[in-house]
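Some notes on the structure that comes next.
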Amino acid sequence: MDGTTVGDTRCRLFYVDANPLVQSAIMELSKVEADLSIIATSDRAADLLAADDSDFDVAIMAWDMTDMKAPEVLKRLRARESRLKSVVFCNSRDATALRLAVRLGVHGFCYQYDKASVLFNTVRQVASGHISVPYLDITRINETPLAGLTIRERELLDVLARGWTNQQIANRTGISENTVKYHLKNLYQKLDVQNRARAVAIWSREVDA
């Protein structure tokens, strides 16, 4: 059943957020929204995924939950062909996050920096069958942080994700460890990250999308 407007059945929401302060604030602010009802909350995405989709109209999820991130939840919902509508409530204005969420089939997307009314209106739009996301250049929808990397840089990211050390990379490629460090520095600059952990996180997120 789809959520509807005031005077009819309220839109039933499941809200998942690892930040208890944000979750508490949204819960309190939602009490004056007569057409919306947050009937379940959790800090774990697993609780949302284990719930019966028919019990809720819209799932609101933070980008970061205690057990996984929003992209993983979206992928799992898509894989099981869930009819549950989804809204990502993101704590970052990173356009990459928005593009990734859209590619994974999100129905709504808004930022925690916006007024709560933006979230509630996004939920209403999604519940009524619309897609509601911030402005996005659709010609760049498939653009990822990996788009500007060379084949060699992608290979380097792949072995980093496999846990190779600088010395292992040097030994297997026949270059010096200092040269490996030089290539890594250039790679980090292209990805706008400071270390290999962040680089690997981007690689894993984009490759699995």
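The values are calculated or read from the model by the stated rules, or taken from the named source; none is laboratory data. Computed from a predicted structure; not experimentally measured. Cβ atoms come from the backbone with ideal geometry, glycine included; neighbour counts cover every protein chain shown.
Go through the stretch 195-209 and count every residue that is surrounded by 13 or more Cβ atoms within 10 Å (Cβ to Cβ), touching a Lys or Arg at 6+ places or on another chain (Cβ under 9 Å) and part of a helix (DSSP H, G or I).
Counting residues in the stretch 195-209 that are surrounded by 13 or more Cβ atoms within 10 Å (Cβ to Cβ), touching a Lys or Arg at 6+ places or on another chain (Cβ under 9 Å) and part of a helix (DSSP H, G or I) gives 2.
So in the stretch 39-87, with the set limited to residues that are within 30 Å of A201 (Cβ to Cβ) and among the β-branched types (V, I, T), which one is surrounded by the fewest Cβ atoms within 10 Å (Cβ to Cβ)?
Within the stretch 39-87, the match that is surrounded by the fewest Cβ atoms within 10 Å (Cβ to Cβ) is T66.
Please identify the pairs in which a residue from the stretch 176-194 that is over 16 Å from L146 (Cβ atoms) has its Cβ atom under 7 Å from the Cβ atom of a residue that is among the hydrophobic types (A, V, I, L, M, F, W, C), counting only partners at least 6 apart or on another chain.
S176/A170; E177/A170; V180/I169; V180/A170
Consider the stretch 158-183. How many of its residues are surrounded by 12 or more Cβ atoms within 10 Å (Cβ to Cβ) and more than 26 Å from the chain's Cα centre (by Cα)?
Final tally of qualifying residues: 15.
Please specify each residue of the stretch 122-171 satisfying the condition of being at pLDDT below 95 and of a type in the set (D, E, K, R).
Answer for the stretch 122-171, where residues must be at pLDDT below 95 and of a type in the set (D, E, K, R): D137, R140, E143, R152, E153, R154, E155, D158, R162.
So, in the stretch 88-103, of the ones that are under 14 Å from A62 (Cβ atoms) and of a type in the set (G, A, S), which residue ends up surrounded by the most Cβ atoms within 10 Å (Cβ to Cβ)?
So, considering only residues that are under 14 Å from A62 (Cβ atoms) and of a type in the set (G, A, S), the one surrounded by the most Cβ atoms within 10 Å (Cβ to Cβ) is A101.
Of all the strands (runs of 3 or more DSSP E) wholly in the stretch 17-104, which have at least 1 residues that are out of contact with any Lys or Arg (no Cβ under 6 Å at 6 or more places or on another chain) and farther than 26 Å from L136 by Cα?
The strands (runs of 3 or more DSSP E) meeting that bar are 36-42.
Which residue pairs have Cβ atoms closer than 9 Å, lie 6 or more positions apart in sequence or on different chains, and pair a first residue in the stretch 61-85 that is in contact (Cβ under 8 Å) with a residue 12 or more places away in the chain and in the same structural domain as V106 (by TED's automatic domain parsing) with a second residue that is among the polar types (S, T, N, Q) and part of a strand (DSSP E or B)?
Partner pairs satisfying both residue conditions: M61/S86; M65/S42; T66/S42; A70/S86; V73/S86; L74/S86; L77/S86.
Filter the stretch 99-121 down to the residues that are modelled with pLDDT under 95 and under 11 Å from A70 (Cα atoms) and list them by number.
If the condition is that a residue be modelled with pLDDT under 95 and under 11 Å from A70 (Cα atoms), then L100, A101, L104 are the ones that fit.
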